[in-house]
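Report on one structure; see the data block that follows.
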Amino acid sequence: MKVTKIKLKNFRLLKDVEIQLDKSTTIIVGKNNSGKTSFVEGINLFINNKKMSSDDFNIEVLKEFIQSNKTEENIPKIQLYLTFEYDDTIDSLENINPFITTLEDENTIEILLEYSPKNNSKFLEKAKTLNFENLKILIEKEYSIKRKPYKINEDFDEVTESNIKNLLSFFPIEAQRNLDDSSGVSKNRFSQILNTHYEKQLKEDNEEMKTQIAKIEEQIRISNGELDQLFLDFFNAFMESFKQFGFPGLNEGNIKIKSNLEISNILKNMLKIYYENEDVLLPEKYNGLGYTNLLYIITKVLSFQMINQEKNNSMLCLIGIEEPEAHMHSQMQKVFIEKINVFLEKQKFNCQIIITTHSTEIISSSELKNIRYFNKTGGKTNIKDLIEFKAGETNTENLDFLKKYIKLGTAHMFFADKIILVEGIVERLLMPLFIKDIDPENSDYISLVEIGGAYMHKFKELLEFLEIKTLIITDIDSNYGTKKAPKKIKKESKGKRQNKSIKEKAYNYEIIKGFNQKTTNETLKQWIPKEESIEELLKKTDKEKIIKNIRITYQTNRSNSPEILKCGRSFEEAFIIDNSEFLDSKRKELSSIKHNINKYKTPLEIKQNSYEIYDFIDRNNKKSEFAFNLVMNDGWKTPDYIKEGLEWLLKK
């Protein structure tokens, strides 16, 4: 039996959310305060019959009720819907029967757990004229948790809490943020699990285990006898002193000291955990909080398994693990998520795991289909269930690409307020400075993804699916460079070789007018704005570069300076055009281009020869050096096309 779907309504931030559960592990990700922890806590409160209160309600729901006509249809309720699939050949029908609502062979049951009035009519009568605060007080008095089978448009009798417990258990493992190396907390927990395991084995009909237990107990009996004699010798003089006072004096009795070692005392209080390092045994604290947290999680899971075994594995267990990455280094996080399912399978433990995490390592080591993305917008949480994500209806190649690319380190986008896609290392290195230039007070967490222009369009379906505000910064990628000007341009510049400025103006005119040039950029052709003609791309308005919450920006023929109107074909060329005065003033400090730029004596000449300077950077593999030069020197301006895009992205 497995839980296939969980729906939660009107609980805190979660007004109406639903996720599908993976048969083994479901990963819940998202920004802080997006409802991840609330989702797990809502399950815990209902399944484990914890006390709920009016503070657990989504505030909007209570306000809507206050302003309504107050009928039975709009009574505020917190609801948890659980959908199960079972196999009647292996699952316990005794546990399932209370929830079966039809004779049809569906092998599916649904359960509704609801925090609602004990009596609807009585509640409505009292709630007629209440304000918000008094309504909360009334809820505390009149509400309780109800449990019943569920089918739409049908009502069923309630079932008992024990019916739920026989079917499903939920075990939460809270985030261990306050672990202390020296507290011995994990040692105590580990000792407790050993003692529980021992007591369980005593009840088992296992001859091999009984033989091992008998050997342990025999050794303890021998040890007690040996200790009795040692204690008698050690305390003899002390005990003789009692006789001088006529104590104890009852029938001339003597005091005897006996060793009372018991296996339960040893397991609970005397076992310590050590780690072997070559020939030396080191105490647990030497291995740090990450190992302590991992040991704690494993110990808790084993204890849950023992509880389940006591019920003959007849119930399904849900385990909610909150932020398992606490105190773990990156490699340990990867190993944890890769091994947890293997570990449970070997243990033959009938359970499903829900993990909430902020760890990019855990996400990158997980399958895309296991991820559930919680996104809070406008005070409301929406869930993107990546098991439903398709990278194009027939494009399996795209899906394979995304799966592999996320594993390579782009998982941080799932925690971002906004995303920027850039083509190269220069844009990636300089982007934090560009953002600071446009909005020095910006506090958004922006995920920066470097991806070549030939692959950007492969993110189309994923970014549209996630609905995170995204800026794509790409190159216009004209298929003509200045060295390949069309014949018409060459004809216009013929006879003007003595005037390099005029010639350069002619070469750059090709980009402004287009001359049937086409972009080689697949993102511009296939995604936004779905245009191939350079001339048409240059005419596009800001509005035409936006689809929903995704905007694209690329080089245009606008410039900070009116002397010459040019359009760069790459980031570096656009930067040169918009920063010719800066480059002129810093020519000695810019090691990447100083030997090339000295050929040009003025800012205007630098701008006119922007393509040649870029070509020098590109041919000599100096892009990274150029980026670091800019990082180390102040006074430049953010290129116009990037500025326009960032102003849109950073707008609140």
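Could you name the aspartates and glutamates whose alpha carbon sits less than 17 Å from that of Lys63, not counting residues in the same chain fewer than 8 places away?
Correct list for Lys63: Asp16, Asp55, Glu72, Glu73, Glu133, Glu140.
Please tell me which of these pairs span more than 21 angstrom C-alpha to C-alpha: Lys50/Lys141; Lys5/Lys165; Lys15/Lys376; Lys148/Lys348?
From the list (Lys50/Lys141; Lys5/Lys165; Lys15/Lys376; Lys148/Lys348), the Cα-Cα distance tops 21 Å for Lys148/Lys348.
Points 7 angstrom from Cα along the Cβ direction at Ser330 and Gln67: gap in nanometres?
According to this spin-label approximation, the distance is 4.9 nm.
Karplus couplings for segment 130-141 from phi (6.51 cos²θ - 1.76 cosθ + 1.60, θ = phi - 60°), rounded to Hz, Gly and Pro as x?
My calculation for segment 130-141 gives 7, 8, 4, 5, 5, 5, 4, 5, 5, 4, 4, 8 Hz in order.
Would you mind checking the pairs Lys23/Lys407; Lys390/Lys540; Lys369/Lys651 and listing those with alpha carbons more than 27 angstrom apart?
Too far apart for the 27 Å limit: Lys390/Lys540; Lys369/Lys651.
How large is ³J(HN,Hα) for each residue in segment 78-88, as worked out from phi by the Karplus curve 6.51 cos²θ - 1.76 cosθ + 1.60 (θ = phi - 60°), to whole Hz, x for Gly and Pro?
Working through the residues one at a time gives 9, 10, 10, 9, 10, 10, 10, 10, 10, 10, 6 Hz.
Can you work out ³J(HN,Hα) from phi for every residue in segment 621-636, in order, using Karplus 6.51 cos²θ - 1.76 cosθ + 1.60 and θ = phi - 60°, giving whole Hz and x for Gly and Pro?
Rounded to whole hertz, the list is 6, 10, 5, 5, 4, 4, 4, 5, 4, 6, 4, 8, 10, 9, x, 7.
Near the amide H of Asp439, under 5 Å away, which other amide H atoms are found, from residues 5 or more places off or on another chain, if H is placed in the peptide plane?
Close amide H contacts, sequence-distant or interchain: none at all.
Rounded to the nearest 0.05, what FRET efficiency do Ser144 and Phe465 have when you use their Cβ-Cβ distance and R0 = 41 Å?
My answer for the efficiency is 0.55.
Taking amide H atoms as placed 1.01 Å from N in the peptide plane, list the residues 5 or more away in sequence, or in a different chain, whose amide H sits under 5 Å from that of Ile321.
Close amide H contacts, sequence-distant or interchain: Ile173, Ile354, Ile355, Thr356.
Simple spin-label model, 7 Å along Cα-to-Cβ: Lys339 to Lys403 in nm?
2.5
Rounded, prolate or oblate: which fits segment 561-636, taking a ≥ b ≥ c as square roots of the Cα gyration tensor eigenvalues, rounded meaning a/c under 1.5, else prolate when a/b beats b/c?
rounded
Could you please rank Asp385, Asp155, placing first whichever residue has the fewest other Cβ atoms within 10 Å of its Cβ?
Least to most surrounded, the residues fall as Asp155, Asp385.
Return the long-range amide H neighbours of Leu316 (sequence gap of 5 or more, or a different chain), with a cut-off of under 5 Å between placed amide H atoms.
Leu168, Ser169
Throughout, read-outs are computed from the coordinates displayed, never taken from laboratory work. None of these values were measured; they are calculated from a predicted model. As a convention, Cβ positions derive from the backbone with ideal geometry for all residues, glycine included, and neighbour counts pool all protein chains shown.
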